[in-house]
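Contents: one structure, followed by commentary.
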Amino acid sequence: MTDTRTLNLAVIAGDGIGPEVVAQAERVLDAVADLEGFTIDKTPYSLGAEHWLQTGETLSDETLARLKEHDAILFGAVGADPRSAEIPSGIIEREVLLKLRFAFDHYINLRPARFYPGAVSPLSHPGEIDFIVVREGTEGPYAGNGGVLRAGTEHEVATEVSLNTALGVERLIRYAFQLASTRERKKLALIHKTNVLVNAGQLYSRIFEEIAAEYPEVHTDYCHIDAATIYLTNDPQRFDVIVTDNLFGDIITDQAGAITGGIGLAPCGNINASGEFPSMFEPVHGSAPDIAGQNKANPIAAVLAGALLLRHVGLPAAAQRIEDAVEHVMASTPQTDLGTDEVGQAIIDRLT
Ligand code: NAD
Ligand code: IPM
Ligand code: MN
């Protein structure tokens, strides 16, 4: 089926390998649009550490207002080398990436983890791995509720208060149950730390139980975050859909990337499920300064983020073409033999 619409995309390539992987995602999106008969109108936005050093802008209200007019945003990665002191850690992450997630109310941070045949997992028996993490996107310790008192004295106090609202937890968990109910295995695991973070833990558990009653067909599970890292390593088949807090979700999705063959394969959707604001699609990984500029970065995470974007805007056939092509390339070509642009080209060659 062809679609004759025009998709109005914002593209924020960012820093480090961001521009390298986004260039490949854009090529693949253009190629799939040609095949499916729709048009993509792309507007690049220069944001990130480099942009800040050059202009002093992190993310202005004016840029935010322009971004809001797009159907969706394709994002690469922002941030400097965590070992360098040139830019204080957190400025770019908070003032660009988190500002976008909060301003556009991206309360669902969707992170599929799939082990593609041909990928190389560090697990000796990876088996079939196919789960999806529904990470909270706007609350928890990320909310920015905290600060420093008595700075520079021996009584200095630093707080980062985890903020959890009933509304935020409810819409998150409801989304996860809905998603689980559409999947073949219909399993949903809550991951938290209810034995120590008892206040937030009770809010999450109570709402989880309440919504579970509305989805009797969904099999529920619970693990503490520390044990979850064991199960993700020893028994990833245990998981189908995972719902979790912002920080726990950040950590386990890097682990999920690692067990499924590398963080360079892991995509992410920052979803505003109410549709009020544009959603944003990006790789799970960062700007990878250690490999930037060497044509070494795997662009598949960015390409798969493009597929998530197409599915989100109502172009599922186009999304499927990309995912099928990635599957073919993974199965047929050892990844280590290819550079960033060659992986992009190999995917385009398999788009039929
Ligand atoms: P990172 O994800 O950039 O890199 C971690 C490791 O994974 C590195 O060894 C890197 O080489 C490797 N890697 C990442 N992407 C890869 C790819 N596509 N192909 C092959 N290998 C890949 O994490 P980091 O080093 O902790 O962070 C670097 C910077 O990126 C920091 O400033 C951090 O704050 C920022 N960051 C940004 C985002 C984002 O923009 N969404 C996400 C994570 C980190
Ligand atoms: C991610 C990143 C971000 C996060 C940082 C850069 C703010 O690690 O997208 O996983 O912690 O969410
Ligand atoms: Mn992360």
For the stretch 1-148, shape from the Cα gyration tensor axes a ≥ b ≥ c, cut at a/c of 1.5 then a/b versus b/c, turns out oblate
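How much mean residue ellipticity at 222 nm does the chain get from its helices, if each DSSP H run of length 4 or more adds -39500 (n - 2.57) and you divide by all residues, to the nearest 500 deg cm²/dmol?
-12000 deg cm²/dmol
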Everything considered on the Cα gyration tensor (a ≥ b ≥ c; rounded for a/c under 1.5, else prolate if a/b is larger than b/c, else oblate), the stretch 121-260 must be described as oblate
A chain fully extended from GLN255 to THR182 at 0.36 nm per residue, minus the present Cα-Cα distance, gains in nm 23.8 nm
Here, ILE230 and ARG5, labelled 7 Å along Cα→Cβ, have an inter-label distance in nm of 4.7 nm
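Would you work out the charge dipole size for the chain about its Cα centre, treating the Cβ of every Lys and Arg as +1 and the Cβ of every Asp and Glu as -1, and quote it to the nearest 20 debye?
With Lys and Arg at +1 and Asp and Glu at -1, about 560 debye.
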As a Kirkwood estimate from alpha-carbon pairs, the chain has a hydrodynamic radius in angstrom of 20.9 Å
Pseudo-spin-label distance SER89 to GLU214, built 7 Å along Cα→Cβ, given in nm, is 4.0 nm
Exposure proxy check on LEU67, LEU304, LEU123: fewest-to-most Cβ neighbours within 10 Å is LEU123, LEU67, LEU304
One finds, for ASP41 and ALA317 with R0 = 25 angstrom and r their Cβ-Cβ distance, a FRET efficiency to the nearest 0.05 of 0.80
Everything considered on the Cα gyration tensor (a ≥ b ≥ c; rounded for a/c under 1.5, else prolate if a/b is larger than b/c, else oblate), the stretch 277-339 must be described as oblate
The residues ILE348, ILE271, sorted from fewest to most surrounding Cβ atoms within 10 Å, come out as ILE348, ILE271
For the chain, the count of lysine pairs 8 or more apart or interchain whose alpha-carbon atoms are under 29 Å apart comes to 5
Most exposed first, judged by fewest Cβ atoms within 10 angstrom, CYS268, CYS223 run CYS223, CYS268
Each label sits 7 Å from Cα toward the beta-carbon; between GLN294 and GLN237 the label points are separated, in nm, by 3.6 nm
Expressed in angstrom and rounded, the centroid-to-centroid distance over alpha carbons for the stretch 169-244 and the stretch 65-91 is 30 Å
Taking a label point 7 Å from the Cα of THR336 along Cα-to-Cβ, the residues of the stretch 88-126 whose backbone nitrogen sits under 15 Å from it are 118-123
Quick shape summary for the stretch 234-352, equivalent ellipsoid via Cα gyration tensor, semi-axes whole Å in descending order, reads 23, 19, 15
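FYI, it's all coordinate maths here, none of it is from the lab. The structure displayed is predicted, hence computed values, not measured ones. A quick note on method: Cβ atoms are made from the backbone with ideal geometry, for glycine too, and the neighbour counts reach across all protein chains shown.
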